[in-house]
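Accompanying notes for the structure given below.
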Amino acid sequence: MQILESGGEFIKKLRYIQNLTIRKKLQIINLLIILPSILFLTITLYNMTFMQVMERTLRSSDHKIELIANSINTLFNNIENFSKLAVINKSYQSVLNEEGREIQDLEDTQLMYVGLTSLLESSPYIDSVVIQSAQGNKMYYTNNITNMSEKNLSVYPKEQLVEAKGSAVWIETFESPFLVNGQHNNLLSIGRRIINFSNGMTLGYIYININENRLAKLYGNDEEGIHSRLMIINSRGTILSSNEPHRLKSSLDQQKLDIILADQGSKSHIGDDGKETIISAKALDKNGWRVVYEVPSKELMKDQWKINLFIIGYGILGLLLALVLSIVFSNWITKPIIRLSRAMMAVGDGKLDTRSPISSQDEVGQLAYKFNDMVGEIQQLVDTVNLEEKQKRILELRLMYSQIKPHFLYNTLETIRSMALMSKAHDISKVVKALGDFYRTSLNRGQELIPVIQEKKHLESYLYIQKIRYRHLDYTIDFVEEIGECRIPNMLLQPLVENSINHGLREKREGALCEISGFIERSKDRDVLCFIVKDNGKGMNDEQLQGIWQQEQSHLDLSSFGISNIQERIQLRYGPEYGLTLSSAVDQGVEVRLRLPLVFDRQSAAAERVGKVYDI
């Protein structure tokens, strides 16, 4: 039901559009053609500028991460070089060697602390320096460290330093268990094993701590108004340093980590919150660490709205221009059509002296020229029709005179009937009455369509006269009550009955029977009116039947006029799906089956006829 309602609404809208003026239709068509083009061009320009801005943004991100990675690599290399110099420092070697004298140890110890202080001041990113003996019982550290103990040094992985065999080992971010400048700091460290130059034995370990907060400031500065995220991560996605302190030591989600590890340059990424970010990553030289630059796309493309505003303004301006031009040109094109339409409406109102002005030689101009020519001919035809009307009145008077003859016949037959009754000749009176009824039904006041019940009365009058003529003839008429008011063409069944009597029953001396029946038959999913005229006469063979349809005269002198005329009348009025069918066999009689549409009033019957004749 809902689908049918939707279909009905669509049909109403379609009819509304069809009923619009040509001018409005042209304007709508122009908009339907121009609007998609402008929208397509606008969207294309927007996408092109967006892709170009995005490409420049990605290149800018790649360049930025390259600079940051170079700065960090330089810092780490410098600190690593500082650790190499510290390992070969003679004071460190002497102090950590247990064979030194006490006085010598004191002097070397002072030199060691001087060296540690010098190392601390060599770079602003070095937070503190710690040296531990191989046995772990001796610790030397810069003077900004307090609360130092052997237990606090367990945060440094001695086993990795031993396995490194003198190479530098970078230690991931940790919170210092000791105090540096009176507070606990987040540190990244580089550690080395200090080896005795004489025997290659381990003398101790040196740890150079880098302040993570100061390191973040190295790369954490960004353009004003851009809220980016810069960080250093390890291969597992753990954040070792970040310009957002609360994210320190947290882990990246796997999807983002896969993009970073792919090493394919800057990439766009849409997070779980639906926000798009641009991620750039660069591998550092140390320990597989990576520096990551992540910034929201809208931050880098914040000036894109200016370009978008220009494109949208261009689209709106183009649309307004197209609308104005569409109105101007549609008015120019439809103005002659409107003038022609007004002229036609004036002629339709009876003003035959109206003419349409011709302003061009195009199709509309040619149409206006033919219209003016046609109106002139119509004026001539009107004059002719007026003349013919006068002649028609004369013919109507003649027709009235011609109708006097059948009335004279009816009156004469009624006079004969009255005389027969006066003479008590009742059989003659009945025959005369049947003859009068027969002719009244046949003439039917000129009406072409009559009810079935009237046709039945006509058949009864005709068959009564025939039974008086042929005493051996018998008949039955059986029409169902429902078809009594159906309209059928006048004089349709009587010729069939007449053929049946003249060519099938007249020469049969005994038991001659004519059966006429009428009923409603179901055919091809619809009801049709069906009549059967059947006799028990001598019948016909196939050749004789074929001769009837070929409008030939058979040896039985059976005129094809009755059959072919009725067939032609039916099919001209109702179409080829209705009409007569004959079936017969020698000595088995003839059966004629007549099919008509069910029509119950004059207007439907007339419409049925017009539809079939003009093939509507």
So LYS84, is it open to solvent by 60 Å² or more (accessible area, probe 1.4 Å) and either touching an Asp or Glu at 6+ places or on another chain (Cβ under 8 Å) or modelled with pLDDT of 75 or more (or both)
yes
Taking interchain pairs and intrachain pairs at least six residues apart, which have beta carbon atoms under 9 angstrom, with the first residue in region 247-259 and within 20 Å of ALA216 (Cβ to Cβ) and free of Cβ contacts under 8 Å to residues at least 60 places away in the same chain and the second part of a loop (DSSP other than H, G, I, E, B) and open to solvent by less than 80 Å² (accessible area, probe 1.4 Å)?
SER251/GLY237; LEU252/GLY237; LYS256/GLY237; LYS256/GLY271
Tell me, yes or no, whether region 103-111 has at least one residue that is at pLDDT 80 or above, within 17 Å of GLN132 (Cβ to Cβ), out of contact with any Asp or Glu (no Cβ under 9 Å at 6 or more places or on another chain) and not aliphatic (A, V, I, L, M).
no
Go through the residues of region 126-139 one by one and say whether even a single one is out of contact with any helix residue (DSSP H, G or I) (no Cβ under 9 Å at 6 or more places or on another chain) and either more than 19 Å from ILE194 (Cα to Cα) or open to solvent by less than 80 Å² (accessible area, probe 1.4 Å) (or both).
no
Region 503-524, subset out of contact with any helix residue (DSSP H, G or I) (no Cβ under 7 Å at 6 or more places or on another chain) and closer than 13 Å to LEU463 by Cβ, residue most open to solvent (accessible area, probe 1.4 Å)
GLU515
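To keep it simple, each residue is scored yes or no on (1) open to solvent by 70 Å² or more (accessible area, probe 1.4 Å); (2) at pLDDT 80 or above; (3) assigned to a helix (DSSP H, G or I).
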| site | (1), (2), (3) |
| --- | --- |
| THR441 | no, no, yes |
| HIS458 | no, yes, yes |
| ASP474 | yes, yes, no |
| GLU485 | yes, yes, no |
GLN93 fails exactly one of the following numbered conditions: (1) within 60 Å of the chain's Cα centre (by Cα); (2) modelled with pLDDT under 80. What is the number of that condition?
(1)
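A quick yes/no check of all residues on (1) within 24 Å of TYR475 (Cβ to Cβ); (2) open to solvent by less than 70 Å² (accessible area, probe 1.4 Å); (3) within 52 Å of the chain's Cα centre (by Cα); (4) modelled with pLDDT of 85 or more:
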| site | (1), (2), (3), (4) |
| --- | --- |
| ASN536 | yes, yes, no, yes |
| GLN550 | no, no, no, no |
| SER559 | yes, yes, no, no |
| ILE566 | yes, yes, no, no |
| ASP587 | yes, no, no, no |
| ARG595 | yes, yes, yes, yes |
| VAL599 | no, yes, yes, yes |
So, in region 459-491, of the ones that are over 60 Å from the mean Cα position of the chain (by Cα) and among the hydrophobic types (A, V, I, L, M, F, W, C), which residue ends up nearest to CYS530 (Cα to Cα)?
ILE477
Any idea which residue in region 157-186 is surrounded by the most Cβ atoms within 10 Å (Cβ to Cβ), counting only those that are aliphatic (A, V, I, L, M) and either farther than 24 Å from THR238 by Cα or within 60 Å of the chain's Cα centre (by Cα) (or both)?
VAL180
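For region 337-379: of the residues being of a type in the set (Gly, Ala, Ser) and more than 25 Å from LYS24 (Cβ to Cβ), which is modelled with the highest pLDDT? Please lay out each step first, then the result.
First, the residues of region 337-379 that are of a type in the set (Gly, Ala, Ser): 341, 343, 346, 348, 350, 356, 359-360, 365, 368, 376.
From the residues that got through so far, the ones that are more than 25 Å from LYS24 (Cβ to Cβ) too are 350, 376.
On the way: GLY350: 74, GLY376: 79.
Top of the filtered list is GLY376.
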Residues located in region 459-500, provided they are more than 21 Å from GLY579 (Cα to Cα) and not charged (D, E, K, R):
SER461, TYR462, LEU463, TYR464, ILE465, GLN466, ILE468, TYR470, HIS472, LEU473, TYR475, THR476
What are the residues in region 9-44 that are more than 28 Å from SER341 (Cβ to Cβ) and either at pLDDT below 75 or open to solvent by 60 Å² or more (accessible area, probe 1.4 Å) (or both), if any?
GLU9, PHE10, LEU35, PRO36, SER37, LEU39, PHE40, LEU41, ILE43
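For region 443-456, give me each residue that is modelled with pLDDT of 65 or more and farther than 21 Å from VAL480 by Cα. Spell out the reasoning first.
Taking region 443-456 as the starting set, the residues that turn out to be modelled with pLDDT of 65 or more are 447-456.
Correct list: GLN447, GLU448.
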The residue that is nearest to LEU39 (Cα to Cα), considering only those in region 326-375 that are in contact (Cβ under 8 Å) with a residue 40 or more places away in the chain and open to solvent by less than 80 Å² (accessible area, probe 1.4 Å), is SER326
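What number of residues in region 491-537 are among the charged types (D, E, K, R) and part of a strand (DSSP E or B)?
7
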All positions within region 269-295 that are at pLDDT below 75, touching a strand residue (DSSP E or B) at 6+ places or on another chain (Cβ under 7 Å) and open to solvent by less than 60 Å² (accessible area, probe 1.4 Å)
HIS269, GLY271, LYS286
With the requirement that a residue be among the aromatic types (Phe, Trp, Tyr) and touching a Gly at 6+ places or on another chain (Cβ under 9 Å), what does region 499-554 give you?
PHE531
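Each row is one residue, and each column tells you yes or no for (1) within 18 Å of SER128 (Cα to Cα); (2) of a type in the set (Val, Ile, Thr).
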residue	(1), (2)
SER149	yes, no
LEU161	no, no
LYS165	no, no
ALA168	yes, no
SER189	yes, no
ARG193	yes, no
GLU244	no, no
ILE259	no, yes
If we take region 187-264, then strands (runs of 3 or more DSSP E) inside it with 1 or more residues that are at pLDDT 80 or above, open to solvent by less than 50 Å² (accessible area, probe 1.4 Å) and farther than 24 Å from LYS158 by Cα are 229-233, 239-242
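The values are calculated or read from the model by the stated rules, or taken from the named source; none is laboratory data. Note that the coordinates shown come from a computational prediction; the quantities given were computed from them, not determined experimentally. Cβ: placed from backbone, ideal geometry, glycine included. Neighbour counts: every protein chain shown. Just so you know, the surface numbers come from the protein's heavy atoms only, side chains and all, with ligands and any DNA or RNA stripped out. Shrake-Rupley method; radii C 1.70, N 1.55, O 1.52, S 1.80 Å.
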